[in-house]
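Okay, so here's the structure we're looking at.
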Amino acid sequence: EFLITHTRSSDMPYTVLTMFKTAADYRDDAISALKQMKEISLANGSQGVRIGMMQSGSNVGNFVAIQFYENMGKMEAVYDALHEAPIVKEAQGSGKFSVVRRGVMKVLTSFGVASAADAKYVTLTFGTADDPAIEPITKFADVLTKNGALGGRYGPITIGDYANGKTYLFGATYPSTSAIESAYDAVAADGTAEELYKKVSVQRRQVIRLVG
């Protein structure tokens, strides 16, 4: 039985997504550097960090760090620490590793167990809407979680290239690609997806393979 919970007030109300571009011959070094950055983040205020590699879209092969914070002050403390960290200076100084994009999501609702230890994949779905559409999102998340998703978060992009007041991000974790397939087959079969898409226009959906 899946544990299904929804919260409007989260203890991790901010999610930061940072994309990194790295040279092909630097990928092992990049993974090592990102794992060290993860430890620095956790030691200085982040409540959770996921590291993964893009598996779809125009940024295949780029790395993504997903960090969770309870407030903006903790976020500032982490980035101050990262700015001074030798591993960050080393990686950036290599000329083979760089930040290409960063955005911040304000979490409106969370579901399931988003930080489940057996998560191997993350799907990130970006969409536009005139309002948050919490009710259809909640129904959508319930069906996903009953059919393969482990958990996730949803909210507007509040900082970054897509902070236009209408762009929302729905992120969910999965233990396998077959779980992703079964979850989306389920929302298509029972009409949940169709109802949601009347409220939210999906712009793109990306898959990330977790590496740390």
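Annotations for the structure displayed:
- For the pair R27 and D80, label points projected 7 Å from Cα toward Cβ lie 3.7 nm apart.
- The C-alpha atoms of the chain occupy a region whose extents along the principal axes are 51, 34, 33 Å, arranged from largest to smallest.
- Remark: spin-label model distance K106-E70 equals 2.0 nm, labels positioned 7 Å along the Cα→Cβ axis.
- Quotient of Cα Rg and 2.2 N^0.38 Å for the range 11-64, N being how many residues it contains: 1.22
- Along the axis of the charge dipole computed for the range 107-164 (Cβ charges of +1 for Lys and Arg, -1 for Asp and Glu, origin at the Cα centre), the listed residues T123, A133, A163 are led at the positive end by T123.
- Look at the alpha carbon pairs under 8 Å that are at least 6 residues apart: their mean separation over the length of the chain gives a relative contact order of 27 percent.
- Ranking A77, I208, G61 by how far each Cα lies toward the positive end of the dipole of the chain (charges on Cβ) leaves G61 at the top.
- For the range 121-212: rounded, prolate or oblate by the Cα gyration tensor [a/c cutoff 1.5]: oblate
- Subtracting the Cα-Cα distance of V202 and S176 from their residue separation scaled by 0.36 nm leaves 7.1 nm.
- Total charge dipole magnitude, the chain, about the Cα centre, Cβ charges on Lys, Arg, Asp, Glu only, Debye to nearest 20: 360
- Bins of 5 Å, starting at 0 and running to the largest distance - Cα pair percent for the range 118-157: 5, 18, 30, 26, 14, 6, 1
- Over 26 Å between alpha carbons, listed pairs K21/K139; K146/K199; K74/K139: K21/K139; K74/K139
- Spin-label pair V60-I159: with each label point 7 Å from Cα along the Cα-Cβ axis, the two points sit 3.2 nm from one another.
Taken together, the values in this text are just the output of simple stated rules run on the coordinates, not laboratory data. Since the structure is predicted, the reported quantities are computational estimates derived from the model, not experimental observations. Note that each Cβ is placed from the backbone with ideal geometry, even for glycine, and that neighbours are counted across all protein chains shown.
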